[in-house]
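Report on the following structure.
The values are calculated or read from the model by the stated rules, or taken from the named source; none is laboratory data. Remember, it's a predicted structure, so these values are computed and weren't measured experimentally. Because the Cβ atoms are built from the backbone with ideal geometry, glycine has one as well, and the counts that use them run over all protein chains shown.
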Amino acid sequence: METPHNLSLPQSTAIAEIKDAAVHIKNLNYSFGRGDLCKQVLYDINLTLPRGQIVIMTGPSGSGKTTLLTLIGALRSAQEGSLRVLNQEIVGLSNRQLVEVRRNIGFIFQAHNLFESLTAAQNVEMAVELTGEFATKRDQATAILTQVGLKDRVDYKPDALSGGQKQRVAIARALVNQPRLILADEPTAALDKKSGRDVVTLMQKLAKEQGKTILMVTHDNRILDVADRIINLVDGRLESDETLDTFVTTHDPKVLDRRMFIL
Amino acid sequence: MKRTPLALLNLLHERTRLVVAIAGVAFAVLLIFMNLGFQGALLASTTIMYDQIDADIFLVSPQSLEISSTKAFPRERLYQVAGIEGVARVMPLYMEYLLWRNPDTRLSRAMFVFAINPQDPVFKMPELQTADAIAALQRPNTVFIDRRSRSEFGPQTTGLETEADRRRVTIGGQYTLGGGFAADGTLIMSDQNFRRFFAPRPLSLISMGLVQLVPGTNADQVVATMRTRLPPDVRVLTKADMIASDRQFWQENTAIGFIFGLGVAVSFIVGIVIVYQILYTDIRDHLREYATLKAMGYGSRYLFQIVLQESIILAILGYIPGLLISVALYDLTFRATQLPIAMNPGRILSVLLLTIFMCSVSGLVSVRRAVTADPADVF
Ligand SMILES: Nc1ncnc2c1ncn2[C@@H]1O[C@H](COP(=O)(O)OP(=O)(O)OP(=O)(O)O)[C@@H](O)[C@H]1O
Ligand SMILES: [Mg+2]
C-alpha cells in the first residue's frame, strides 16, 4: 500500500515509521474554484510528520501554508492525492466524518477565538464536553489552565485577560483533550515578543512531555529554535525540508559570511 | 455537571442587545394580545347583551343581520307560537337608534334603544326588577340608561332631563349592560314611550320575539315545532344559535374579523423581523467562535441547537413582560371603552406558543448563517 520512497523526508525512513506517522501526505494537489476560475495553490505535496516532532512551516505570503494546514486539519476536503492524518485517510471523507477527525486535532489560531461570554474555564470546558466527560470537565479545565500558568485566572472572562493570556487559554482549549496532532497558524502573530516566546515555549514543553506532533506556521524567526524540523513552502511547492541545524547554517547571514571568509 | 449554557450566556453577555430583543418580543406579544383582545371583546360583546336577555328562543326576521341591525316583522308571529306546548311566555322586543343629547355639551349622539312592555321580565338586570323601576319605566318620556354608555353621552343621574330626537326625556334610573361594538350606549324604555319616540312605527311590528319556556322543556323540539307553524318570513333560533349567528355575522360579514386577524399576522411578522435582526447580529458577531467550535469538532446540529435555544429564551423572556403589559392595557381599555376585554387561560397559552413559534421561525431563518460558518476561514 504505502511506498517507503519519499523525497521530502530528510532521512530514509522505515515503512513502519510512515505507517505510524501523525501525518502522511502523498502527491497532494489542491485548487480553489472550478472551471475557468480554478486556481491551483498546492502542487504535488509529499510530506511525512513522525510522532512527537515539532515542525515549523515557513514561506512567503500566499504560498499556501494556511491552505495546507486546513487540509491536514480536515477543515477543507482534499480532492486529489492521499492525505493520512492519525492513520486515517481523509481524502474523500464526508463532512460528518471530517468533523470526527477534527476532534483528535488541536487547533490554535492567530486570533484566540474565545467566546467573550464564557470564562477561561468555560471556554476550555466547551472542548471537554465534546468527549462527554461532563463530570470532570471543570477539573480538566482547571488542570490544563494551571499548566499554562493561568491557575488564578480560570474564572476570568477574555475581556479581563491580556493578549498572551488569551492565547494561552486558546492553547489550553486545544490541548485539553490530549490531541495527538496540534496545528497552529501563526499563533504568536498577535502577541508581543515576550508573550509570543512564552506561548511557543509552553507549546514545546507540553508537546515534549506528552509526545505530540506539532505543525506550526510562522513568520517569526525568533521562535524557529523550538522546531525539530523546518519546512519551506514556496508557490505551493515544498522547497526545502531540513533539520534546525541545517536551516540555521544555510540561512544565518553570519554563518554564510564566515564560510565565504574561509573560502 | 451539565453542558455549558452557551446560548444563555451569549445572550446575557450583550446586555443592551438583550434588552432591545426582549423589548422587541414584548412589543410583538403586546400587539398580538391587543388584537386578540379586541377580537375577543367584539365577539363577547355580541353575547353580553344576550346574557342579560331572559329568553330561551328568539324569533327574528331573516333579513336581520345581528342584534343592532334588525328588520321588523309582524308581532302576530309571536302570538302564533304562544300556544305551543312548553312555551311559558312570549315577549316582544323593539330596537331602534335615538339621538341623545348630552345635557352638558349639548352634542347629540346615537344611542341604542331597547323597548319592552314594562310588565315583561325581558332583562335580567336587578335594577329593572323592582316595582319602583317598573313604575318609573311606565312614566311618559322616561328611560333607563346604561351605566356603561360612553361618557360622551353625559351625566346619568336619575331625574336628569335632556332631549332625544327633539323630545324631552327624563332619566328614570340606571342599569349595567354594555353595548359592545354595536352601540356606544344603550337605553331601555317602555313600548308606549317607544311609540311616542319612533312614530309612525307601529307596535305591531317588532324587532325580536322572545320566548320563555317552561323549565325542563327541550328548546330544540319547541324550535322545530315553531318552524313548522310559522311562515318563512321569520327565523326561529335557540339562544345558543342566536349568539352563534351574531358572532358569525361579525366575524365573516364585517371587516372586523379580518382586521384583527391581519393585526395578529402583522404583529407576528414584526416579531419575526425583530428577533431575526437580533439573532442575525449575534451570529455575525460570533461567527469566528462558531467556526472555531466546528473546527474543534462540533457539528452543525450543535450550532443549530444554540441558535434555536437563543430564540426560545428570547421568546420566553419577551413574553413575560408582554403578557404583564397586556393585562394592564386590557384593564385600561376596559375602563376607557367598557368593552368586555379580558385575559383568559386559552389565550395566555396560545400566545405563548405563538411567540415561541415566532422566535423559532426567526431562529431557523438566521441559523443558516451559523451553520454555514466555514472553519477553514478562521485560520
Ligand atoms: N477561499 C479561497 N478561495 C480562493 N483562493 C484562496 C482562498 N484562500 C486562499 N486562497 C488563495 O490561495 C493561495 C494560498 O493562500 P494561503 O492562505 O494558503 O497562503 P499563506 O501561505 O497562508 O499566506 P499568509 O502567509 O499570507 O497567511 C493565495 O494565493 C490565496 O489568494
Ligand atoms: Mg496564512
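Cβ-Cβ distances below 9 Å connect the following pairs, each with a first residue in the range A:211-229 that is within 14 Å of chain B (Cβ to nearest Cβ) and within 13 Å of ligand 1 (Cβ to nearest atom), a second residue that is in a helix (DSSP H, G or I) and at pLDDT below 90, and a separation of six or more residues or different chains: A:Met216/A:Val200; A:Met216/A:Met203; A:Met216/A:Ile223; A:Met216/A:Val226; A:Thr218/A:Val200; A:Thr218/A:Leu224.
Which residues, taken from the range B:1-54, are outside any helix (DSSP H, G or I), β-branched (Val, Ile, Thr) and closer than 30 Å to A:Asp155 by Cα? Scanning the range B:1-54 gives a single hit, B:Thr4.
Of all residues in the range A:115-137, those being facing chain B (nearest Cβ under 7 Å) and either within 18 Å of A:Gly164 (Cβ to Cβ) or part of a loop (DSSP other than H, G, I, E, B) (or both) number 6. Criterion applied to A:Ser77, A:Ser12 was being at pLDDT below 90, over 24 Å from A:Pro179 (Cα atoms), more than 16 Å from ligand 2 (Cβ to nearest atom) and not hydrophobic (A, V, I, L, M, F, W, C), and the one residue passing it is A:Ser12.
Looking at the structure I just gave you, is A:Thr58 closer than 29 Å to A:Gly164 by Cβ and either crowded, with 23+ Cβ neighbours inside 10 Å or within 13 Å of ligand 1 (Cβ to nearest atom) (or both)?
Against the criterion (closer than 29 Å to A:Gly164 by Cβ and either crowded, with 23+ Cβ neighbours inside 10 Å or within 13 Å of ligand 1 (Cβ to nearest atom) (or both)), A:Thr58 qualifies.
Looking at A:Leu183, A:Leu145, can you tell me which residue is on the phi < 0 side of the Ramachandran plot and within 16 Å of ligand 1 (Cβ to nearest atom)? Checking each option against the conditions leaves just A:Leu183.
How many of the residues making up the range A:178-197 are charged (D, E, K, R) and within 13 Å of A:Ser162 (Cα to Cα)?
Going through the range A:178-197 one residue at a time, the tally reaches 2.
If you check A:Gln97, A:Gln178 for being within 17 Å of B:Gly297 (Cβ to Cβ) and free of Cβ contacts under 8 Å to residues at least 24 places away in the same chain, only one passes: A:Gln97. The residue that is nearest to the chain's Cα centre (by Cα), among those in the range B:274-300 that are of a type in the set (Asp, Glu) and more than 7 Å from every other protein chain (Cβ to nearest Cβ), is B:Asp282. Right, B:Asp165: charged (D, E, K, R), in contact with a strand residue (DSSP E or B) (Cβ under 6 Å, 6 or more places away or on another chain) and at positive phi or not? The answer is yes for B:Asp165.
Pairing each residue of the range A:150-171 that is over 18 Å from A:Thr201 (Cα atoms) and among the acidic types (Asp, Glu) with any residue that is at pLDDT 95 or above and surrounded by 14 or more Cβ atoms within 10 Å (Cβ to Cβ), provided the two are 6+ apart or on different chains, yields C-beta distances under 8 Å for A:Asp155/A:Thr119; A:Asp155/A:Ala120; A:Asp155/A:Ala121. When B:Gln138, B:Gln156 are screened for being over 32 Å from the mean Cα position of the chain (by Cα), farther than 18 Å from B:Ile53 by Cβ and outside the structural domain of B:Pro340 (by TED's automatic domain parsing), only B:Gln138 passes. Applying the criterion of being within 16 Å of ligand 2 (Cβ to nearest atom) and buried (at least 20 other Cβ atoms within 10 Å of the Cβ) to the residues of the range A:22-54, the residue that is farthest from the other protein chains (Cβ to nearest Cβ) is A:Ile45.
Okay, residues lined up against (1) surrounded by 21 or more Cβ atoms within 10 Å (Cβ to Cβ); (2) away from chain A (no Cβ under 14 Å); (3) in contact (Cβ under 8 Å) with a residue 12 or more places away in the chain; (4) touching a helix residue (DSSP H, G or I) at 6+ places or on another chain (Cβ under 7 Å):
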position: B:Leu11; (1), (2), (3), (4): yes, no, yes, yes
position: B:Phe27; (1), (2), (3), (4): no, yes, yes, no
position: B:Ile32; (1), (2), (3), (4): yes, yes, yes, yes
position: B:Gly37; (1), (2), (3), (4): yes, yes, yes, yes
position: B:Thr46; (1), (2), (3), (4): yes, yes, yes, yes
position: B:Ile67; (1), (2), (3), (4): yes, yes, yes, yes
position: B:Ala72; (1), (2), (3), (4): no, yes, yes, no
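Tell me, yes or no, whether the range A:121-131 has at least one residue that is under 23 Å from the mean Cα position of the chain (by Cα), free of Cβ contacts under 8 Å to residues at least 24 places away in the same chain and crowded, with 23+ Cβ neighbours inside 10 Å. Yes; the residues of the range A:121-131 include at least one that is under 23 Å from the mean Cα position of the chain (by Cα), free of Cβ contacts under 8 Å to residues at least 24 places away in the same chain and crowded, with 23+ Cβ neighbours inside 10 Å.
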